[in-house]
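A short write-up of the structure that comes next.
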Amino acid sequence: MERVLGIGGYFLRAADPAALAVWYRDSLGLDTDEHGLWQQEQGPTVFAAFESSTDYFGARTQQSMLNFRVRDLDAMLAQLRAGGVGVAEETQEMEGVGRFAWVTDPEGNRIELWQPAG
């Protein structure tokens with residue numbers, strides 16, 4: 001059986017795609033080329049389905065949530081707060097999995113940041 005090799009892309013609608021791309025670059029360091037290609041570091045990726053009634057993604061109109069791995073969650077959150085990014089006050093820790101926090105991009109999309117355990 002053929003299997004997928006990994007996530008090949010993540011696409012989202014935006015009222016101002018160029019401005020949103022700049023926000024992801026300037027706020028999260030997501031350096032992409034003119035085609036949106038981003039060379040990410042190798043590491044774990046979680047693929048999980050949630051109940052349709054979940055509040056985990058923020059607004060019920062948001063059908064999926066992007067999760068980014070980070071090296072140092074506290075440093076990333078301090079950087080984002082200093083840049084005026086909307087950062088949720090809460091963080092969560094799951095033993096053996098890691099620590100999580102959430103931010104909202106300028107288009108209102110909730111994003112999860114994950115510092116893997118270990």
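Consider the range 1-46 and keep the residues that are of a type in the set (Phe, Trp, Tyr) and without any contact (Cβ under 8 Å) to a residue 24 or more places away in the chain. The one that is nearest to Phe68 (Cα to Cα) is Trp38.
In this structure, is Phe68 at pLDDT below 95 and either closer than 14 Å to Leu12 by Cβ or among the β-branched types (Val, Ile, Thr) (or both)? Against the criterion (at pLDDT below 95 and either closer than 14 Å to Leu12 by Cβ or among the β-branched types (Val, Ile, Thr) (or both)), Phe68 does not qualify. Out of Phe57, Phe47, one residue alone is part of a loop (DSSP other than H, G, I, E, B), open to solvent by less than 70 Å² (accessible area, probe 1.4 Å) and at pLDDT below 95. It is Phe57. Quick check, is Gln62 at pLDDT below 95 and closer than 19 Å to Gly6 by Cβ? For Gln62, the condition - at pLDDT below 95 and closer than 19 Å to Gly6 by Cβ - is not met. When Ser27 is tested against (1) under 22 Å from Ala101 (Cβ atoms); (2) in contact with a Phe, Trp or Tyr (Cβ under 6 Å, 6 or more places away or on another chain); (3) polar (S, T, N, Q), only condition (2) is not met. If you check Ala15 against the conditions, is it over 28 Å from Gly118 (Cβ atoms), of a type in the set (A, V, I, L, M), open to solvent by 40 Å² or more (accessible area, probe 1.4 Å) and touching a Leu at 6+ places or on another chain (Cβ under 9 Å)? Answer is no for this residue.
Do you know which residues across the range 75-118 are among the basic types (Lys, Arg) and assigned to a strand (DSSP E or B)? Arg99, Arg110 - these are the residues of the range 75-118 that are among the basic types (Lys, Arg) and assigned to a strand (DSSP E or B).
Considering the range 86-103, the residues that are within 18 Å of Asp26 (Cβ to Cβ) and open to solvent by 20 Å² or more (accessible area, probe 1.4 Å) include one that is modelled with the lowest pLDDT, namely Gly86. Among residues of the range 64-84 that are free of Cβ contacts under 8 Å to residues at least 40 places away in the same chain and open to solvent by less than 60 Å² (accessible area, probe 1.4 Å), those with a beta-carbon under 6 Å from a residue that is in a strand (DSSP E or B) and of a type in the set (Gly, Ala, Ser) at least six positions away or on a different chain give the pairs Leu77/Ala101.
The values are calculated or read from the model by the stated rules, or taken from the named source; none is laboratory data. Model, not experiment: these values are computed from the prediction. Here Cβ is always computed from backbone atoms with ideal geometry, including for glycine, and neighbour counts include all displayed protein chains. Accessible surface areas use protein heavy atoms only, side chains included; no ligands, DNA or RNA. Shrake-Rupley method; radii C 1.70, N 1.55, O 1.52, S 1.80 Å.
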